[in-house]
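Asks: Have a look at this one.
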Amino acid sequence: MAGSWATISNAPPASIATMLLLTDGTVLAQGVSTNKWYKYTPDGNGNYANGTWQTLADSTNAPLYYASGVLRDGRVIVVGGEYNAGAMVWLLAAEMYDPQANTWTNLPVPAGWVRIGDAPGCVLPDGRFFVGQVASKLTAIYDPATNAWTAAANKINTCSEESWSLLPDGTIHAVDCSNPPNAEKYIIASDQWVNAGTTPDVLVDSISEIGASVLLPDGRLFVIGATNSTALYTPPPIANQVGTWERGPTIPSNSSGQALGAVDAPAVVLPNGKVLFSVGPITTPATFQSPTYFFEYDPEANAINPVPGAATASAVPYKGRMLLLPTGQVMYSAYSTTVDLYTPDLSPDPVWRPTITHAPSVIRRGRSFTLHGRQINGLTQAAYYGNDATQATNYPIVRLESKTSSAVYYCRTSDYSTMGLQTGTIIHNCRVHVPASVPNGSYCLKVVANGIESPGCQNVSVTNKLFKELKIEFKEKMEVIEEIKAISDIRQKRIPDIDLKGIREDVTIFERIDEEWKQTIQNIATTVDQTNVEFSRSFITKEERPEVGFPPPLIEKPWVKQISEKEAHRFQEKDAFAEGDNRKLIISREATELHEVIHSIWKSEGKVDLRNIREVTVAAQKVKGGQLTTRTSTLKKGTVKKTTVQKVKADKARAVKKKPAKKGPRKR
């Protein structure tokens, strides 16, 4: 049984592209190809279907495809970019957004880099940010604590269009789009890239595109191809070993029998363990084609099944973005003001749930406390795409559910002891910041990891008083209670000289004791009982988990539509937008030539002399009537000398005869 789609009630102020989940449960969203950003907040009941939008501060740049991530302190990093406000460029830039201050700050860039572009990126378990330079083997790590970059080990093959995935063993996996069917992985602890074998089928198409690489709850990696193939990777027992590959099920064809693939498209791991992903028609030569088809991969059955489409399914798949929400729903945008929510079926395996091992019974409004628990970061990064969008949600989200109403309040989290995955029985912690707007009262405290909430109810009381004040008031009220008990005992003995009026006054005082205080006492007792149960139980280990068999995958022989070279050129370039006006910019002849040179760089592992690109580099781009006009600084329009992939290869061959080629691209 598949899930269902529904469109949110309130449309965003502009068409939405990449979205990220902030640590207070709100959603940060960028306007398509602009520097405009918006925040989406669920309603008072925690319902994302009826949330509201708020316009935030503008960023300096307006990238369309870039690396991004939520860091340990809750800030958001944005690195690189392909296109900038609609102009075809590889950005050399980095910015940081502070949700508390609602400000953007420009960051330094890796030393010696000439571009970053639509780079792959990943937040490391220790909170640093790892990124690769497009069309080269260079990688670097940003440390938020020092606001500085450190050069990391070079990749074995060039960074180009690939999807990086964090694995539980402290490695980052990548299927090489510049040299398929090879794969490699980065060992964080030793700062080295090692061989990760070869995929059973080629998953990369002729324009170097691939789908998402998704970590499953069972620890395997599900890789979705731009061809109609998929593959499953099982990490080795020792991180620097190769690991093993097996063929995954074929992506089903559409009703016309045309093969489908993920030529840049999103995917997300649902709370039920299945993978929701999107694909589109594939052609030879490879192009970007609409419409978008949606499927779920079931790891237990090793099968791919179709599911209903979103309201924006008519768009080309690469425009789609999927974000997993704390409710377990998926928010889907596709360069539109129509934003949909996908509600999956079934429930998560109980062993996947995060658990709270310690939290205070009484918390203060506007203050912070430390929460301890198991698996509070989740089992996967949840939201995947590739090099064009990184939207991982592997950090704890905390909410307070009122015990007297349907109200839900999200608390901001930060300072995670780890951002690693599948941490098992190890207890980790984070800081929880209680909003000052939360009313005093009794609540259930919940921690959520990738849409999966902790079991049961952790009882807490919210107050605006200091613990010392609470102790004094508690002592005073207990004294009143003891006094009333004494009076009641005397009354039962029927001593004739009792002042009945005084008794009535004392009894009235007793009846006026705050109900909240009685509930607080009950919460403390309940927490003690829960703690005793927690320490007495045995956590389910991997050995105790049920063995799940993997049926042989369904393999279909695809029918791939053959198209002309002219038609291929038309659809091999993604749409760009100028200043958010949503007018599709027509790609000129010069831009097409630039596209060819870009792909020649990928295929040559970044060794093409970048001076060859100057003949076709766009020096000025202006939008006139929805048309993209380009020219160079040295040649008049219409006289640009055509630079094809063949010419670049010929120039490279002549250069080799003259002198040995240098490694890596030359600085421009």
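Just so it is clear, none of the values below were taken in a lab; they were calculated from the coordinates. Worth saying up front: this structure is predicted, and the values here are computed from it rather than measured. Neighbour counts run over all protein chains shown; Cβ positions are idealised from the backbone, glycine included.
Asks: Based on alpha-carbon centroids, what's the gap between region 185-250 and region 287-334 in Å, whole number please?
Replies: Here the two parts' Cα centres lie 21 Å apart.
Asks: ³J(HN,Hα) across region 227-232 via Karplus (A = 6.51, B = -1.76, C = 1.60, θ = phi - 60°), whole Hz, x for Gly/Pro?
Replies: Taking θ as phi minus 60°, the curve returns 7, 8, 9, 9, 8, 10 Hz for region 227-232.
Asks: Per residue Cα convex hull volume for region 187-296, in cubic angstrom? Each step should come with its number before you reach the end.
Replies: Numbers: hull volume 12.7 nm³, N = 110.
Output value, Cα hull per residue: 115 Å³.
Asks: Please list, in chain and number order, the residues 5+ apart from residue 136 or on another chain whose amide H is under 5 Å from its amide H, with Hs placed from the backbone.
Replies: Long-range HN contacts for residue 136: 159.
Asks: Modelled label-to-label distance, residue 198 and residue 256, 7 Å Cα→beta-carbon offset: nm?
Replies: Taking the simple label geometry, residue 198 and residue 256 are separated by 3.4 nm.
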